[in-house]
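Rule-based calculations on the coordinates, nothing more; no lab input. Computed from a predicted model, the values in this text were never measured in an experiment. Glycine gets a Cβ as well: all are built from the backbone with ideal geometry, and neighbour counts include every protein chain shown.
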Amino acid sequence: MKHKPQKPYLSIVVPFYNEVENVERLWHKLREALDEFGRSYEVIFVDDGSKDGTRDKLRKMAKEFAPLRVILFRANFGQSAAMAAGFEATRGEIVIAMDGDMQNDPRDIPVIVNKLNEGYDVVSGWRKNRKDKLVARKIPSKIANKIICSVTDVKLHDTGCSLKAFRGDLLRKISLYGEFHRFIPALLRMEGADITEIPVRHHARKFGTSKYNITRTFRVIMDLTTIRLLMKHLPNPLGFFFNFTLLAAIGGTISFVAILTKLLSPPVNPPELNVLVTLTVLLWATSFQFLCLGLVGKLVVDHGSRKIIHLEHFKN
Ligand code: UDP
Ligand code: MG
C-alpha cells in the first residue's frame, strides 16, 4: 500500500448521515481507485450524528484500515459542519470532497486531481448526466445554480456537485457555516483562487435516502445574501462604513446647527434644547464608531491579504 502516515498527497473527506449501507461499500471503492492511482492518501470519514449504525461501522473500520481516519459528531450538525470538521483534520497537499451516498464515483478522483495539476486551485465536478429526480432535485438545483453563479461571479454549471478538489493550504484557510459548503468556490474566489470544472460521473442512489428536499433551495438563497454582502464589501470595509460615518456626521451637524439657531433666537425652550443636544451627541458618537469599525475592518482585511501573498509564493 502506498499510504504514508505523515502528510499524504491526497486527503479525501466524506460526510455521512445515516448511510449504513453505503459506508463500507464506498470505502472499498475508494481504496481500489486510490491504490490504482498510486499517490499517498488519507481518507477522513465524518459521521454527522447517524442513528442507524453508521457510527459503529465507522469505529470498527477505523481500527481495521490504516489510511482511514474517522470523526464522530455527537449529534446531527449538518453536511457543512461535517465537511468543515473533515477539512480541518486534513493534512494532504490536495483535498478531495465527495458525498458518502455513492452517487459520486471514486474513479473520477484521478481525473479531477490531474485537472487541478494543470494549475488550478479548485476543480469542481459537473454532473453532466445527473441521476436524480427531475422536479424535486434537478430543476430547483439548476435554478439555484443560475442564481449562485450570477450573484457570486463564479461561473460553474453545477455548484451543488460535492465532488471537488482543492489545494489543501487554500481550503484550510476558510471557515464554513450555514449551508456554505456549496459556496466554497465563491469563498475561495475571494481568496484569489483559480477555479474550473470538469464533467464527472453520477450514479442514482442505490442505498439509503436523500437527506434534503425542496426547502433547502430557500436556505441556500438566504445564505447567498450573506455571501453577496461579503463579496461586495469585504475588499473595502473602510468605504462601506464611511457611508454610515458620513450620514451620522451630517445628521449630528444639522442637529448642532439647530441648537445654535435656537440659542440665537430666544426665548429658548429647555426640553427642546435637551433633545437636540442628546441627538447631536448621539449622532456624532455614532459617526465616530462607524469610522472605528471601518478602520478595524481595514486592518483585518489587510492582514488577510498578507496571507494571500504568502499563498502565491506557495503556488510557485
Ligand atoms: N449528509 C450529512 N449530514 C446531513 C445531511 C447529509 O453528513 O445532515 C451527508 C449525506 O450522508 C451524504 C451527503 O451529505 O453523504 C449528501 O447528502 P444527500 O445524498 O442526502 O444529498 P443529495 O445528494 O440528495 O443532494
Ligand atoms: Mg446524494
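Given a Förster distance of 51 Å, report the FRET efficiency between VAL135 and ASN114 from their Cβ-Cβ distance, rounded to the nearest 0.05. Before the final figure, lay out each step's value.
Numbers: r = 36 Å, r/R0 = 0.70.
Plugging the Cβ-Cβ distance into 1/(1 + (r/R0)^6) gives 0.90.
Relative contact order for the range 58-191 using alpha-carbon pairs under 8 Å, separation at least 6, rounded to a whole percent?
On the way: 128 pairs, mean separation 44.6, N = 134.
The normalised contact order for the range 58-191 reaches 33 percent.
Can you pull a Stokes-Einstein diffusion coefficient for the range 166-305 at 37 °C (0.692 mPa s), Rh from Kirkwood over Cα pairs, as a whole number of µm²/s? Don't skip to the answer; put the middle values down first.
Details: Rh = 19.8 Å.
Translational diffusion coefficient: 166 µm²/s.
In the range 1-58, which trypsin sites (Lys or Arg not before Pro) fall in coil by DSSP and have 15 or fewer other Cβ atoms within 10 Å?
Values: sites: LYS2, ARG25, LYS29, ARG31, ARG39, LYS51, ARG55, LYS57; in loops: LYS2, ARG39, LYS51.
Qualifying residues, ordered by number: LYS2, LYS51.
Given R₀ = 35 Å, what would the calculated FRET efficiency be for GLN289 paired with LEU264, taking r from the Cβ atoms and rounding to 0.05?
Numbers: r = 30 Å, r/R0 = 0.87.
Here the calculated transfer efficiency is 0.70.
So what's the back-of-envelope 222 nm ellipticity for the chain, counting only DSSP H runs of four-plus at -39500 (n - 2.57) apiece and dividing by all residues, rounded to 500? Write out the running numbers ahead of the final one.
Working: 10 runs with 163 residues, N = 316.
Theoretical 222 nm ellipticity from helices: -17000 deg cm²/dmol.
Residues of the range 33-59 with backbone nitrogen within less than 12 Å of a virtual label 7 Å along the Cα-to-Cβ line of ASN76, please, listed as ranges.
Under 12 Å, as judged by backbone N against the label point of ASN76, lie 48-52 of the range 33-59.
Starting from the amide H of VAL46, placed 1.01 Å from N in the peptide plane, find each other amide H under 5 Å away whose residue is 5 or more places distant or on another chain.
VAL14, PHE16, ILE71
State the three equivalent ellipsoid semi-axes of the range 70-110, derived from the C-alpha gyration tensor as the square roots of 5 times its eigenvalues, in descending order and whole Å.
Working: eigenvalues 80, 44, 11 Å².
Whole-Å semi-axes of the equivalent ellipsoid: 20, 15, 7.
Would you mind putting 279-292, 251-264, 189-202 in packing order, based on average other-beta-carbon counts within 10 Å, highest first? Mind showing how you got there, number by number?
Numbers: 279-292: 16.3, 251-264: 14.1, 189-202: 18.4.
Packing order, densest peptide first, comes out as 189-202, 279-292, 251-264.
Give me P(r) over the chain, computed from all C-alpha to C-alpha distances, binned every 10 Å, as integer percentages.
The calculated distribution, bin by bin, is 6, 22, 28, 18, 10, 7, 5, 3, 1, 0.
Considering Cα pairs under 8 angstrom that are at least six residues apart, work out the relative contact order of the range 22-111 and quote it in whole percent.
Working: 93 pairs, mean separation 34.0, N = 90.
Result for the range 22-111 is 38 percent.
Suppose R0 equals 45 Å. What FRET efficiency, 1/(1 + (r/R0)^6) with r the Cβ-Cβ distance, do GLN6 and VAL277 give to the nearest 0.05? Can you show the working numbers first?
Details: r = 67 Å, r/R0 = 1.49.
My answer for the efficiency is 0.10.
Note down the nm distance, to one decimal, between modelled labels 7 Å out along Cα→Cβ at LYS142 and at LYS173.
3.6
Does a label point 7 Å from the Cα of GLU32, set along Cα-to-beta-carbon, have any residues of the range 81-116 with amide nitrogen under 18 Å, and which are they?
99-111
Mind checking which of PRO8, PHE256, LEU187 is farthest towards the positive end of the chain's charge dipole, using Cβ charges of +1 (Lys, Arg) and -1 (Asp, Glu) about the Cα centre?
Farthest along the dipole direction, towards plus: PRO8.
Ordered by residue, what ³J(HN,Hα) values in Hz, to whole numbers, does the range 189-194 give under the Karplus form 6.51 cos²θ - 1.76 cosθ + 1.60, where θ = phi - 60° and Gly and Pro are x?
Running phi through 6.51 cos²θ - 1.76 cosθ + 1.60 with θ = phi - 60° gives 4, 5, 8, x, 6, 8 Hz.
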